[in-house]
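Every number in this text was worked out from the coordinates using simple rules, so none of it is lab data. The structure presented is a predicted model; accordingly, all values stated were derived computationally and were not measured. A quick note on method: Cβ atoms are made from the backbone with ideal geometry, for glycine too, and the neighbour counts reach across all protein chains shown.
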Amino acid sequence: MARKIIPFTKPRCPGIFCEASTRILKEAAQDGVKTYVQRMEERAIQPCLFGQGGTCCRNCSFGPCMMIEDVPESIGICGATPATVAARNFCRMVACGSAAHMDHGRETALTFLAAAKGEAPFEIKDEKKLHFLAELYKVKTEGRSKEDIAIELGEKVLAEFGQQEGALVMTTRAPTKRQELWKKLGVIPRGVDREVVEIMHRTHMGTDQDYRSLIFQATRCALADGWGASMIASELQDILFGTPVPLRAVVNLGALSEDHVNIVIHGHEPQMPEAMAMVAQDPEIVAAAQEVGAKGINLAGVCCSGNEVLMRHGIAIAGSFIQQEVVLATGAIEAMVVDVQCVMQGLAEVAKCFHTELITTSSRAMIEGATHIEFDHHRALEIARDITLRAIGKFKQRRRVHIPDRKMDVVAGFSHETINHILGGAFRASYRPLNDNIINGRIRGVGAVVGCDSCWVESGRVHTTVVQELIANNVLVLVTGCAATACGREGFLRPEAAELAGPGLREVCETVGMPPVLHMGSCVDNSRILIAATEIVKEGGLGDDISQIPTAGCAPEWMSEKAIAIGQYFVASGAFVVFGRTFPTTGSKVVTDFLFREIEELYGGLWAVESEPTKMAQMMIEHIERKREALGIQEKKERILFDMAMRREL
Ligand code: NFS
Ligand code: SF4
């Protein structure tokens with residue numbers, strides 16, 4: 001079949017900051033394979049300003065009503081103002097992003113319960129965490145089996161999804177002062193699902209029409225995500241699949257194998273990937289792979305499914321969100337197995353150009369042109385085996401294969417528990433050394449760099465520029481999601497990267513042997529950052545609320561609505577959050593001013609937007625320095641070596 005040659009470089013798509021990916025994208029284009037690059041170039045209609053700034057309303061059939069804030073007649077037919085519309089649209093983004101995490105949390109709880117009842121092939125791996133959560137949820141543990149405890153815990157957690165009144169239990173883990181503030185402001189989430197439903201109701205035509213009131217509900221919903229569903233997901237996954245500890249692995253396209261059956265797992269929920277990992281080593285499966293001439297099964301991840309198995313099994317990540325089509329375009333993938341979220345529909349077309357089978361597994365996410373094999377946690381291994389055998393069957397159909405020789409070592413799996421051990425030592429696990437190093441100024445503060453990678457910037461370069469600037473200024477960086485993969489590609493997740501850090505941070509990293517950039521997991525694992533921040537507060541010496549500690553967060557290349565939900569729960573937890581390139585309310589100065597300034601008076605946290613990565617990092621550093629000043633620790637103190645007497649006093 002003759003194929004049309006599609007031009008690769010036009011000004012619209014800045015490409016990926018990864019030479020290997022760029023090469024594969026170019027080859028794919030020459031072979032007539034369309035990826036996001038061509039779709040971007042070929043789109044006839046470009047983004048519209050109303051949509052981008054949040055002032056287009058299509059919540060009823062009178063519209064769409066597009067608005068410009070400075071034009072007096074520019075209001076909706078119903079009288080809705082640009083501020084109302086921008087706030088409504090922002091709320092709906094928070095609702096959708098939160099809903100994604102909530103459904104993930106629910107699915108995890110259901111699997112957890114099934115496993116506890118012996119109806120799913122997973123076991124309770126972290127008993128310590130099981131007991132910790134049981135105590136939190138007031139589940140009796142004495143004299144009971146772990147399964148028994150887990151059943152009651154699972155039921156209690158699951159009940160929170162449909163809960164109507166009261167407060168989500170996880171919110172009680174926040175610093176006391178934060179909880180009091182939330183109580184005073186009335187934003188403590190009452191139930192997981194209820195807060196999303198209420199946003200959808202409030203944003204219906206002719207309902208809540210005050211932007212402050214709308215943002216209030218967006219906050220309550222976002223908290224039901226961060227201090228609810230996402231935290232539930234992370235914690236139950238840890239109990240079931242193991243709490244991550246630092247391990248070595250690799251990332252990037254070179255993780256694919258020429259002589260193995262390559263199966264890529266992509267999406268978000270770890271159940272399916274866990275089952276695939278269990279099956280991949282099965283001698284029968286390996287024998288089946290050998291029969292077709294392969295050496296065995298090579299599992300690799302994409303997006304957050306990748307992060308989950310990277311952290312727990314050291315399984316390589318082949319690519320981040322923006323690399324998903326690139327991974328297929330290597331021609332080396334027998335099957336790409338996807339579940340929910342961040343799965344580009346374009347994958348189906350790319351897969352058709354190769355021998356690859358795209359397999360959807362969630363009842364909630366189907367793609368035309370893909371094979372659907374529904375995952376059911378009760379039969380997890382059986383389904384994983386079926387899928388693996390299908391992939392093996394594809395191996396001999398390989399055509400052109402080009403796996404770039406490009407992969408990078410990473411150390412991943414810094415759960416907040418391991419930060420405890422790494423810095424405090426196995427026998428004296430605590431955040432004390434971290435707090436001390438922040439107080440003495442060796443570490444200026446903690447920066448979180450999270451979120452997606454974007455097609456509108458040279459993907460990956462923005463993340464790594466921000467990170468480089470932060471660590472050079474002695475800011476310890478925590479990463480999750482696709483930002484973590486981008487940092488991994490550039491070598492920032494290796495202990496050797498300490499060389500790029502400022503002298504104080506470098507000294508700490510070299511003493512402990514840790515990278516200056518800590519991989520904390522997937523996007524639901526941003527809840528781990530909330531807990532780490534809380535632990536810093538509880539350890540003492542850096543104020544009594546998250547809003548006081550020297551931290552700042554950013555999502556330099558965000559694209560997903562989940563990022564908006566995450567940003568809002570961080571702001572409501574007292575953090576400064578900078579987003580890159582674009583922000584969804586900029587069409588309304590009123591709402592943007594509220595989120596970028598006024599909201600700080602309420603929550604002690606606020607939003608900002610900045611495209612230029614060095615400036616973004618500088619904004620975070622300035623915020624961190626302001627917090628240091630408020631704490632009275634802005635002067636770099638001389639290093640004090642504690643003697644025994646001082647230790648005792650401490
Ligand atoms: Ni987070 Fe993970 Fe990646 Fe963005 Fe998507 S995979 S959940 S949303 S694109 S970081
Ligand atoms: Fe227009 Fe109001 Fe209908 Fe929105 S709700 S589309 S602003 S009339």
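Remarks
- For GLU42 and GLU622, the difference between the fully extended length at 0.36 nm per residue and the C-alpha to C-alpha distance is 204.7 nm.
- Selection from ALA109, THR81, MET205 lying farthest towards where the dipole of the range 79-241 points positive, charges on Cβ: THR81
- Full extension of the segment from SER430 to ALA472, taken as 0.36 nm per residue of separation minus the current Cα-Cα distance, would add 12.6 nm.
- Order of LYS125, LYS156 - criterion: other Cβ atoms within 10 Å of each residue's Cβ, fewest first: LYS125, LYS156
- Bridgeable lysines around LYS146 (alpha carbons under 18 Å apart, same-chain partners fewer than 8 residues away excluded): LYS117, LYS125, LYS128, LYS129, LYS138, LYS156.
- Mean Kyte hydropathy of -0.5 or more with a Cα span along the axis of at least 30 Å, helices from DSSP in the chain: 82-116
- Ranking VAL94, TYR36, ALA572 by Cα position along the charge dipole of the chain, where only Lys, Arg, Asp and Glu carry charges on their C-beta atoms, puts TYR36 farthest toward the positive end.
- Within the shell of other residues whose beta carbon sits under 11 angstrom from the beta carbon of SER454, the net charge comes to -1, with Lys and Arg scored +1 and Asp and Glu -1.
- The range 340-414-the range 275-329 distance, computed between alpha-carbon centres (Å): 9
- Estimated inter-spin distance, ASN440 and GLN290, nm [label 7 Å along Cα→Cβ]: 5.6
- Our note on the geometry: Cα centres of the range 97-150 and the range 179-236, 24 Å apart.
- Only Lys, Arg, Asp and Glu carry charge here, each on its Cβ (+1 for the first two, -1 for the last two); on that basis the range 79-241 has a dipole of about 660 debye about its Cα centre.
- Placing a pseudo-label 7 Å from each Cα along the Cα-to-Cβ vector at ALA159 and ASP376 gives an inter-label distance of 2.8 nm.
- Each other residue within a Cβ distance under 10 Å of PRO121 adds +1 if Lys or Arg and -1 if Asp or Glu, for a net charge of -3.
- The residues neighbouring GLY97, those whose beta-carbon lies less than 11 Å from its own, together hold a net charge of 0 under the Lys/Arg +1, Asp/Glu -1 convention.
- Distances between placed amide hydrogens fall under 5 Å for SER522 paired with GLY481, all partners being 5 or more residues away or on another chain.
- Extension gain for the segment GLU368 to ASP210, taken as residue separation times 0.36 nm less the Cα-Cα distance, is 52.8 nm to one decimal.
- In straight-distance terms, cross-link reach from LYS295 covers every one of the lysines whose alpha-carbon lies under 16 Å from its own, apart from those fewer than eight places away in the same chain; here that gives LYS394, LYS396.
- When you filter the GluC sites (Glu not before Pro) in the range 330-434 for DSSP loop state and at most 10 other Cβ atoms inside 10 Å of their Cβ, you are left with GLU368.
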